[in-house]
1. What list of ³J(HN,Hα) values in whole Hz, one per residue of segment 112-128 in order, does the Karplus curve 6.51 cos²θ - 1.76 cosθ + 1.60 (θ = phi - 60°) give from phi, with Gly and Pro shown as x?
2. Along segment 134-142, what does the Karplus equation 6.51 cos²θ - 1.76 cosθ + 1.60 (θ = phi - 60°) give for ³J(HN,Hα), rounded to whole Hz, x for Gly and Pro?
3. Distance between the C-alpha centers of segment 83-144 and segment 1-59? Whole Å please.
4. Calculate the FRET efficiency for Thr31 and Ala7 from the Cβ-Cβ distance with a Förster distance of 35 Å, rounded to the nearest 0.05.
5. Tabulate in residue order the Karplus-calculated ³J(HN,Hα) for segment 22-37, using 6.51 cos²θ - 1.76 cosθ + 1.60 with θ = phi - 60°, rounded to whole Hz; enter x for Gly and Pro.
6. Let me know the charge dipole size of segment 1-49 about its Cα centre in debye, to the nearest 20, where only the beta-carbon of Lys, Arg (+1) and Asp, Glu (-1) is charged.
Amino acid sequence: MPGLDAALAGVKTWMSQNILLDTVRIELPATGEPVLDPATGNLTRPSGETLYEGPGAVQGGTAQSEISATPGALQPWTQETKSRYRLLTPLDAPIAPKDAIVTVVQVHNPADAALIGRSWTCQDPGRAGTVEVVRITPLDQNQAVQPT
């Protein structure tokens with residue numbers, strides 16, 4: 001439909017100029033054994049394969065109900081929460097596979113600098129539909145490692 005395609009092209013342009021302002025990285029989880037970093041004395045994991053680095057946005061859920069906790073199958077207590085987020089990327093970006101890691105690399109607003117380095121895991125591959133202006137991928141925030 002020519003009219004719909006023209007309208008969607010305008011929305012895609014608007015999204016690129018107003019929403020997809022930060023830089024995100026999508027990478028496959030690292031594989032291999034940790035390596036000792038002699039400078040710090042810490043074990044470091046090898047880097048994963050980068051699938052995409054470019055414009056994007058990470059949005060949190062808007063409702064408190066989007067944070068849930070699920071007990072482990074063999075545990076009598078709740079171990080970890082699930083935080084609902086979504087990744088927005090241009091349609092020409094590759095589809096992020098399940099379990100890929102998404103990291104915010106650069107933010108357009110200095111007030112959001114705390115997002116740099118935070119990571120999320122893709123819960124499912126990027127969603128697809130017949131009428132789209134951006135790719136939406138469901139995310140779960142990775143739990144921060146607490147200093148010891």
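1. Those phi angles translate into 9, 4, 5, 6, 5, x, 5, 9, 9, 10, 5, 7, 8, x, x, 5, 10 Hz.
2. Running phi through 6.51 cos²θ - 1.76 cosθ + 1.60 with θ = phi - 60° gives 9, 8, 10, 10, x, 10, 10, 5, 6 Hz.
3. Between the Cα centres of segment 83-144 and segment 1-59 lies a distance of 7 Å.
4. FRET efficiency, Thr31 to Ala7: 0.20.
5. So the J values, rounded to whole Hz, are 9, 10, 10, 10, 10, 9, 6, x, 5, 10, x, 7, x, 10, 6, 8.
6. 160
Quick note: the coordinates plus some simple rules give every number you see, no bench work behind them. Worth saying up front: this structure is predicted, and the values here are computed from it rather than measured. Cβ sites come from the backbone with ideal geometry, for glycine too, and all protein chains shown count toward neighbours.
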